[in-house]
Amino acid sequence: MVNPKVSFIVPVYNTQEFLPRCFDSLLNQTCTDIEIIVVNDGSPDGSAAIIDEYARMDSRVRVVEKSNGGLSSARNAGMDVVRGDIIDFVDSDDYVEPNLAELLVGTFAEEHPEIVVFGAECEPAELASKRIKQLLSPEACVFEPFDPALLFSANAQPYVWRAAYSHELIERESLRFAENVRFAEDVVFQFESYPLSARTVLAPDRLYHYVMQEKSLTHVFNAGAKRMDKVNAHLLVLHEVLERWDRRGLLGLCPGELVTWFLDLIVFDLARLDAEDYAAVAARVKDEFANHAGQDWTSLPAKGAVRHVARKLANGSKISIVDAAQLYLATRGLKACIERFA
């Protein structure tokens, strides 16, 4: 097969019990002009045998074997061999609707986007917060060219598997995942790719089934004992975003929104850190923003509550739960603030 319409990239690591459902959902697409690139990321369970069985059954399944390097490394390995006009990422413990490829092909042909973002369902629904459900429910919209709302308010984040990319965009901009980032690696990729897309289409169709696992890194990091690990992971994401924006000359796009986004992301965890950890984190945040956005970074956010938190961080003063709540109220509104404390 030469240049199929859609390439699905599926990284696999220790998900043998979910693979048949995932692969069946892809092979049974109503649009059959596809390839499925399965990247076995050194999985020590029985995944390899299942992958080989599907590859024997259907020539559209292409297998990449590699030593374990993590999700970003596996996705990059898939992108290195991809042939399709449209690239879509699927996690191996999830599955998709049968018309996903058909909708993508039609949307790319009719609307000529470089990225298409679509909706998703969480399973089981009771594990998903209202915030996650909201983020997976975009409204129909077209961004041409980039608008900060795409990153900060249009429900187009944070998961890369709910977006499909033109192969031309991926290669033109040499887009790859940050292999040193193991948590929220999707965010780094989206922060780099969205501003580079000439046209991005959001579709409300819920075409992806996100199967939430209690043992996932996201759930583990949300435990109080792992709070500092979570903050450090977010700091690494910030570093990678700023470095990539700096290299591409994107830092002038929306620096105030970027500062606001990051402080909103970590403010409640910051307020709960002990004094020693807090001081270390405050110094790192200050250095990252000062180095990339300038010494006056604390004045960039539009909302006073955000500037207040930024200035406390910059001078090393401890952020309180009240500070966090006021920032949350300013950025997300009263309803979200009530839900946060409910």
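Could you look through segment 1-29, keep only residues that are assigned to a loop (DSSP other than H, G, I, E, B) and touching a Leu at 6+ places or on another chain (Cβ under 9 Å), and pick out the one that is least open to solvent (accessible area, probe 1.4 Å)?
Among residues in segment 1-29 that are assigned to a loop (DSSP other than H, G, I, E, B) and touching a Leu at 6+ places or on another chain (Cβ under 9 Å), the one least open to solvent (accessible area, probe 1.4 Å) is 29.
Which of the following residues is open to solvent by 20 Å² or more (accessible area, probe 1.4 Å) and more than 17 Å from residue 256 (Cα to Cα): 281, 322?
That would be 322, the only listed residue that is open to solvent by 20 Å² or more (accessible area, probe 1.4 Å) and more than 17 Å from residue 256 (Cα to Cα).
Matching residues to (1) free of Cβ contacts under 8 Å to residues at least 12 places away in the same chain; (2) within 19 Å of the chain's Cα centre (by Cα); (3) more than 19 Å from residue 200 (Cα to Cα):
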| position | (1), (2), (3) |
| --- | --- |
| 58 | no, no, yes |
| 64 | no, no, yes |
| 79 | no, yes, yes |
| 101 | no, no, no |
| 122 | no, yes, yes |
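Pairs needed: first member in segment 181-210, among the basic types (Lys, Arg); second member anywhere, open to solvent by less than 30 Å² (accessible area, probe 1.4 Å); C-beta distance under 7 Å; at least 6 residues apart or different chains.
Taking only residues 6 or more apart or on different chains, the pairs are 182/70; 199/113; 199/114; 206/119; 206/120.
Can you give me the number of residues within segment 67-101 that are in a helix (DSSP H, G or I) and either touching a Phe, Trp or Tyr at 6+ places or on another chain (Cβ under 7 Å) or among the aliphatic types (A, V, I, L, M) (or both)?
The qualifying residues number 10.
Within segment 128-171, take every residue that is charged (D, E, K, R) and in contact (Cβ under 8 Å) with a residue 24 or more places away in the chain and give me the one that is surrounded by the most Cβ atoms within 10 Å (Cβ to Cβ).
Only one residue tops the list, namely 162.
The values are calculated or read from the model by the stated rules, or taken from the named source; none is laboratory data. This is a predicted model, so every value here is computed, not measured. Please note: Cβ atoms are built from the backbone with ideal geometry, for glycine as well, and neighbour counts cover all protein chains shown. Quick note on the areas: whole protein, heavy atoms, side chains included, nothing else; ligands and nucleic acids left out. Shrake-Rupley method; radii C 1.70, N 1.55, O 1.52, S 1.80 Å.
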